[in-house]
Amino acid sequence: MKYSFADCTLDTESRELSRHGAEVHLSPKAYDLLRFLIEQRPRAVPKQELMNELWQDTFVVEANLHVLIGELRAALGEKSSPARSIKTHHGIGYSFAANVREQRSRSPLGRRARARTVLTAGAKRIPLGVGTHLVGRDRECEVFLNDVSVSREHARIVVTSRSVTVEDLGSKNGTQVNGTRIAKPTAIESGDQITFGSVQMSIELQRGEDPSTLTL
């Protein structure tokens, strides 16, 4: 999904915020906050609800939320001017007030029809075509894992014609390759096992038109 507002666009598939066409860096938590506020618009979301969404099962002070709001306003170019997008409701919380245009990303079904990579967990098989695939507990993720140990947007798998990489997206319980928690995009080699939270999966790679598969 792409959300366009003012001079900005938030792409939930690539997890990128752009302004005037240029990418703007956001921390993982700031991205999660912006997306959640947009999804909940125009509702004023209470501060406690926002904190529960961002820091599940973790105690944090309210000041952490204020820091993220400041980061977002700076990224949206509203730090030194009246807030146009993120509105403060004193004593309550925040809402997303800008007009938003939604544009759905190209259906993952089209990519899956040409998939040569398959993510597996037991009997579950998820075909992945060339492109970027989000892994998480959010039902909009291409790889939907309904497990409490998995974050809403937990990781990202990038499939190209030559390689497959996995990247953790600041998840609470982490992503592991062969039992080692990763901190940057990591190439998946033959025989590797990937664990999202406590969900372990493997990858099968189909070569060319050969119907047989190779386990990665």
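When averaged across all projection directions, what area in nm² does the alpha-carbon convex hull of region 1-98 cover? If you can, show how the numbers build up before the last one.
Numbers: hull surface 24.3 nm².
Averaged projected hull area, Cα only: 6.1 nm².
With a cap of 13 neighbouring Cβ atoms within 10 Å, and only residues DSSP puts in a loop, list the GluC sites (Glu not before Pro) found in region 126-198. Write down the numbers at each step before the final one.
Details: sites: Glu140, Glu142, Glu153, Glu167, Glu189; in loops: Glu140, Glu142, Glu153, Glu189.
Qualifying residues, ordered by number: Glu189.
With a 1.4 Å probe and every protein chain left in place, tell me how much accessible area Asp138 has, in Å² to the nearest 10.
Surface accessible to solvent at Asp138 totals approximately 20 Å².
Hydropathy first: keep DSSP H helices in the chain averaging at least 0.0 on Kyte-Doolittle, then drop any whose Cα extent along the axis falls short of 15 Å, and list what survives. Mind showing how you got there, number by number?
Numbers: long enough: 28-40 (18 Å, -0.10); 62-75 (20 Å, 0.49).
Helices meeting the span and hydropathy rule in the chain are 62-75.
Mind putting a number on the dipole of region 1-96 about its Cα centre? Charges go on the C-beta only, +1 for Lys and Arg and -1 for Asp and Glu, and I need it in Debye to the nearest 20. Let's see the in-between values first.
Details: 12 positive and 13 negative charges, 73 e Å.
It works out to roughly 340 debye.
What residue among Val130, Ser95, Ser198 has its Cα farthest toward the positive end of the dipole of the chain, where the charges are +1 on Lys, Arg and -1 on Asp, Glu, each on the Cβ?
Ser95
Going through the cross-link list Lys29/Lys124; Lys2/Lys29; Lys47/Lys87; Lys47/Lys172, which pairs have a Cα-Cα distance over 24 Å in this structure?
Distance filter (> 24 Å) returns Lys29/Lys124.
Round to the nearest 0.05 the FRET efficiency obtained for Lys47 and Val130 when R0 = 45 Å and r is the Cβ-Cβ distance. Walk me through the numbers on the way to the answer.
Numbers: r = 42 Å, r/R0 = 0.92.
With R0 = 45 Å, the Cβ-Cβ based efficiency is 0.60.
Of [x] 34, 19, 14; [y] 32, 22, 14; [z] 34, 23, 15, which one was derived for semi-axes √(5λ) of the Cα gyration tensor in Å from the structure shown?
Given [x] 34, 19, 14; [y] 32, 22, 14; [z] 34, 23, 15, the structure-derived one carries the label [x].
Under a 5 Å amide H to amide H cut-off, with H placed in plane at 1.01 Å, what residues pair with Ile86 once short-range neighbours are removed?
The list, which skips near neighbours in sequence, is Ala97.
Select from region 1-103 those chymotrypsin sites (Phe, Trp or Tyr not before Pro) which occupy a DSSP coil region and have at most 15 other Cβ atoms within 10 Å, ordered by residue number.
When the chymotrypsin sites (Phe, Trp or Tyr not before Pro) of region 1-103 are filtered for loop state and at most 15 Cβ neighbours within 10 Å, Trp55, Phe59 remain.
Can you give the accessible area of Lys2 in Å² (nearest 10), computed on protein heavy atoms with a 1.4 Å probe?
80 Å²
Can you list residues from other chains, or at least 5 along the same chain, whose modelled amide H is less than 5 Å from the amide H of Gln193?
Sorted by chain and number, the residues that satisfy this are Asn178.
When ligands, DNA and RNA are left out and all protein chains stay put, how many square angstrom of accessible area per residue does the chain have with a 1.4 Å probe? Provide the component values of the computation, followed by the final result.
Values: 11410 Å² over 216 residues.
Value returned for the chain: 53 Å² of accessible area per residue.
Using the Karplus equation 6.51 cos²θ - 1.76 cosθ + 1.60 (θ = phi - 60°), what ³J(HN,Hα) coupling, rounded to whole Hz, does each residue of region 178-185 give in order, writing x for Gly and Pro?
Values, residue by residue: 6, x, 10, 5, 9, 10, 8, x Hz.
The values are calculated or read from the model by the stated rules, or taken from the named source; none is laboratory data. This one's a predicted model, so the numbers in the text were calculated from it and none came from an experiment. Cβ atoms come from the backbone with ideal geometry, glycine included; neighbour counts cover every protein chain shown. What goes into the accessible areas is simple: the full protein's heavy atoms, side chains included, and nothing from ligands, DNA or RNA. Shrake-Rupley method; radii C 1.70, N 1.55, O 1.52, S 1.80 Å.
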